[in-house]
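Some notes on the structure that comes next.
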Amino acid sequence: MAYQPKSYRKFVATAATATLVAGVLAPAVSAASFTDVPERYQDAVDFVVSKGIQGFSDTQFGTGENIKRVDAAVMVAKVVGLDTESAPAAGFTDVPARAQGAVNALKEAGITSGKSTTSFGAQDLITRGELAIWIDRAFNLEGSADHNFTDVADRYAEAVEALVANEITNGVSATSFGVTQNAKRGDFAIFLHRASNVDAELEVVEVSAINAKTIEVDFNTAVEDTSKASVELLRGAFKQNATINWSEDKKSVQLVGASNFQAADYTVNISGLTEKTLTGSVKIEAQKVASIEILDEVAVVSDSNSDGSLPTGATATVGYQVKDQYGTDISDNISLTTNDGNTVGASKGVVTLSGLNGKKVGDIVPVVLIDTATGTSASKTVKLSAESTVSSIEVAGIYNAKGEEVALNDASKASEAFIVLNLKDQYGKEITDAAKASGLVITNTNPTNLTVANAVEKVKIGDKDKLVIKIADIKKAGSTDVLLISTTNGQSAKYTVNVAETATSDAIAVSQPEIAVEDETTLIPVTVTDKAGNVITDKKLLSNPTKGIKVGGVTVAEGALEVKDGQVFYKTTFANAGTQALVFQSSTYKVATVTVSVKEAAKATLVRGLEKPLVLSTVKGAVTVTAKDHLVIEDQYGRVIKDSAAPVKVELVGTSDVVSVANNAVTPLKNGTATLKVSLVTENGNINSAVEVKVQVTDGTQYSDYEVAEIGKIQTGVAEAISVSGLLNGGKVALADSEYTASISGGKGTVAVTADKEFTVAEENLNVDSNGNEVDTEFTLKVTVNATGKVYEQKFVASNKAPVVQDFFFTTTAVDGSYADAKAITEATLASGSTIATSLKSGEKAVNVATVDQYGNKKVVAIPTNDTITVVPEKAGEVTITGNGTPNAEVALRAGVEESTVTLKIKVGSETKELKVKVGAPQ
């Protein structure tokens, strides 16, 4: 068919009545199968893969790779569902056969007309601008929006405005759409996914019979809140009982009968999700035999003489399988007739041949199986064989590759566990060849707990090769029976695989913190035990929404927990002094309450003395003594205040010709010692604490050694300072620039050191690789002290890479405020519908981030608006989320909801951190 408008083709596959006569095939791969699909691309990649789009390999989708026009055409045609079979030839001569149908359909639909009448430009890379036009036309987008892009020419303007209006993309920056940039496969997948969901109201796509007792309803998009759905199954006017099972992605629901449904027309009505009742119907046929298959070319004899002749009473067996119209194995439930009821018997998947007197190994015997109800039959001539085949089945247990027995739980890695088999042939010999176990039928009775491979493989377990069944996926705690049946002789074995539940919080006890002070992080000791009485110290488990603990009804964030010497602490900050009560709750609803007496904010109360010996240099000159740089200051609770800003007063005790003091500045005059009185000044100007300290003065000839400050990794083009200190009696003094010389070697070219001991490594100073690209380069700083001639060397690395945040934490410290003074927070609030990046608050203060990059630069900045923000709701039905996984993510309360809790996963640089946020109505 030719291209249709969106309103027509939204659900091309929808059918009011569906009759399914075959099983459903699951997609071979998903985003989880690929190793190059970051979280922000996963939903989009899953979507395009479900439309038949393949990756570069089984493990690579090619997320960051550029796209050729021919491949983009195939992706659009498959996602839109264009008719690639009957579209007329486009006339292009450069399109490979595999894509001609797709290109023909795109031209017929008016999506693209190629580069010329004969050239599609199949092998050219497609640009973002071209894709914008294709997507606008392919999805018949409506609407326009203002933007600040400066690179959008007139031919792209309408398409770009439509994509922005429908929130499909916001460009590569605030001012650039990236029209001429090559499109990446991952970004294109996101475009297609978002475009496919524009204006997609919830509708039923298909109702189908999965098997004789299961009806599945598929929707065009995920159901936001399944608890609101009322699902009704009718046979004619009669309501039918069925168990309702929603899929994990909430895009489908299964109605499972207690037994097979009767043959009839069934109607499914689903109300509560949209203004109108969603409905669909399906015709269920009576279960019947659709196929019979004899599973092997040989029938294995039970016994044979040395000459190959069969003794009296010998039998031979071969497996068979019967399937119904839904692809379900019904071998155990169907009676078949055979070509000779006296010598050929068929029961529960095994054909038994008897009356073989006079036969020998190697003889041919005909086998015919017939279902008289449908006339379905199968026939095969099988060879009597004594070939080694599976005769005895035993499961040794579950082991890892090291040969250690494994007890599975819901946190175990499936890839590290194998069901190890002991298989023996009819002669009692161990089978180690996986090919000889190919006739083993493997059935998993409970795939909701775990899934297993459907074939036997050879794997080295410990130091021996063993036949195993791989465990493909562990989903949840529970048990499943793995059934093993030999198709050659009907031998079987059952092995129960138990998946234990990992620890879950049960009993909980809370103790008083060592101290709780207003506006400071308070550590509250928490002891949590599981149902077996074991103490839990795993922060990930304790912060698990279902197995962990809550405070005030809210799941504790992992960042709000700290473990020291086996003790778990809950970290919180009290904004006000006074009595504060906290209620802790375990996953089994056991409660512990602690009432904390919060003390008033800390104040500088006592000056203890010097932090380290005070040594001054006559060469360097005067030094102003401050609490932050030189003194040990304590608060009213006897704790040392780090980097205190308390005002102090410095006076000379007695008279001295060694130093002079004025306005807290101590000026060295000559070698010697002097005594200073340092007083702590209160807010009203009073003196409430004082101490006498010694100061030593040197002219630079008395230093015991010298120290060169660590440079570390630096960025090219950024000026760096060299600092050298003299050491004396436990103190140190920064040398004057004139007291030492410095030079730098390494890389290419010369790195000059200025008179004031600063240097800058230029990009051209870096070494290059074989491709001519600059690489991180090691340099050597050499410092020579003038007074002694002693030389000190230090290695450092210079890089031309842009600064990238390596770590960060959330804080209420103002932008450009002191990183050292910044305090971490783990919870915040947000007004419903406001911009997340700029509207988060803790109390009355805005939330910012304290960052450190690879060069050690530390600063407090606003939450970047160009990194991703992912919203994870605690209760999905309470909020609506737009732009999730993008810098523009927003969360808003649904009608009637006053407050809800979400977790924000905010990426800054190369790191992603979580923040627990309460979303409330705008004030």
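The values are calculated or read from the model by the stated rules, or taken from the named source; none is laboratory data. Everything numeric in this text was worked out from a predicted model, so none of it was measured. Ideal geometry is used to build each Cβ from the backbone, glycine not excepted, and the neighbour counts take in all protein chains shown.
The criterion of at least 2 residues that are among the hydroxyl-bearing types (Ser, Thr, Tyr) is met, among strands (runs of 3 or more DSSP E) falling completely within the stretch 868-923, by 879-882, 899-908. With respect to (1) surrounded by 15 or more Cβ atoms within 10 Å (Cβ to Cβ); (2) in the same structural domain as Lys78 (by TED's automatic domain parsing); (3) of a type in the set (Gly, Ala, Ser), the lone exception for Ser208 is condition (2).
Within the stretch 253-286, the set of residues being among the β-branched types (Val, Ile, Thr) and either closer than 17 Å to Phe238 by Cα or in contact (Cβ under 8 Å) with a residue 60 or more places away in the chain (or both) comprises Val256, Thr267, Val268, Ile270, Thr274, Thr279, Val282, Ile284. Scanning the stretch 50-73 for residues that are closer than 20 Å to Asn182 by Cβ and in contact (Cβ under 8 Å) with a residue 12 or more places away in the chain yields a count of 16.
Conditions tested, residue by residue: (1) closer than 30 Å to Pro668 by Cα; (2) surrounded by 14 or more Cβ atoms within 10 Å (Cβ to Cβ); (3) under 49 Å from the mean Cα position of the chain (by Cα).
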{"site": "Ser725", "(1), (2), (3)": "yes, yes, yes"}
{"site": "Gly747", "(1), (2), (3)": "no, yes, yes"}
{"site": "Val753", "(1), (2), (3)": "yes, yes, yes"}
{"site": "Glu764", "(1), (2), (3)": "no, no, yes"}
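Check whether at least one residue in the stretch 385-397 is touching a strand residue (DSSP E or B) at 6+ places or on another chain (Cβ under 9 Å) and free of Cβ contacts under 8 Å to residues at least 24 places away in the same chain, and report yes or no. Looking through the stretch 385-397, at least one residue is touching a strand residue (DSSP E or B) at 6+ places or on another chain (Cβ under 9 Å) and free of Cβ contacts under 8 Å to residues at least 24 places away in the same chain. Of all the listed residues (Leu541, Leu606, Leu610), the sole one being under 24 Å from the mean Cα position of the chain (by Cα) and not hydroxyl-bearing (Ser, Thr, Tyr) is Leu541.
Picking from residues in the stretch 490-521 that are in contact with a Leu (Cβ under 8 Å, 6 or more places away or on another chain) and farther than 30 Å from Ile471 by Cα, the one that is surrounded by the most Cβ atoms within 10 Å (Cβ to Cβ) is Val510.
A count restricted to the stretch 804-822 and to residues that are part of a loop (DSSP other than H, G, I, E, B) and either loosely packed, with under 15 Cβ neighbours inside 10 Å or among the aromatic types (Phe, Trp, Tyr) (or both) stands at 8. Filtered by the rule that a residue be outside any strand (DSSP E or B), under 32 Å from the mean Cα position of the chain (by Cα) and touching a residue at least 24 places away in the same chain (Cβ under 8 Å), the stretch 419-461 gives Thr445, Asn446, Pro447, Thr448, Asn449, Val456. Is there any pair with a first residue in the stretch 659-675 that is without any contact (Cβ under 8 Å) to a residue 40 or more places away in the chain and a second that is surrounded by 14 or more Cβ atoms within 10 Å (Cβ to Cβ) and part of a loop (DSSP other than H, G, I, E, B) whose Cβ atoms are under 7 Å apart and which are 6 or more apart or on different chains, and what are they? Partner pairs satisfying both residue conditions: Ser660/Leu669; Gly672/Val658; Thr673/Val658; Ala674/Ser656; Ala674/Val658.
Selection of the stretch 583-600 for residues being in a strand (DSSP E or B), over 20 Å from Tyr637 (Cα atoms) and of a type outside the set (Val, Ile, Thr) yields Phe584, Gln585, Ala592.
Consider the stretch 200-235 and keep the residues that are among the small types (Gly, Ala, Ser) and in contact with a strand residue (DSSP E or B) (Cβ under 7 Å, 6 or more places away or on another chain). The one that is nearest to Asn269 (Cα to Cα) is Ser230. Total residues in the stretch 843-866 satisfying the condition of being part of a loop (DSSP other than H, G, I, E, B), farther than 24 Å from Ala165 by Cβ and either of a type outside the set (S, T, N, Q) or in contact with a Pro (Cβ under 6 Å, 6 or more places away or on another chain) (or both): the figure is 8. Contact map, the stretch 598-619: first residue among the acidic types (Asp, Glu), second residue in a loop (DSSP other than H, G, I, E, B), Cβ cut-off under 6 Å, separation 6 or more or different chains; pairs are Glu600/Glu518; Glu600/Ala577.
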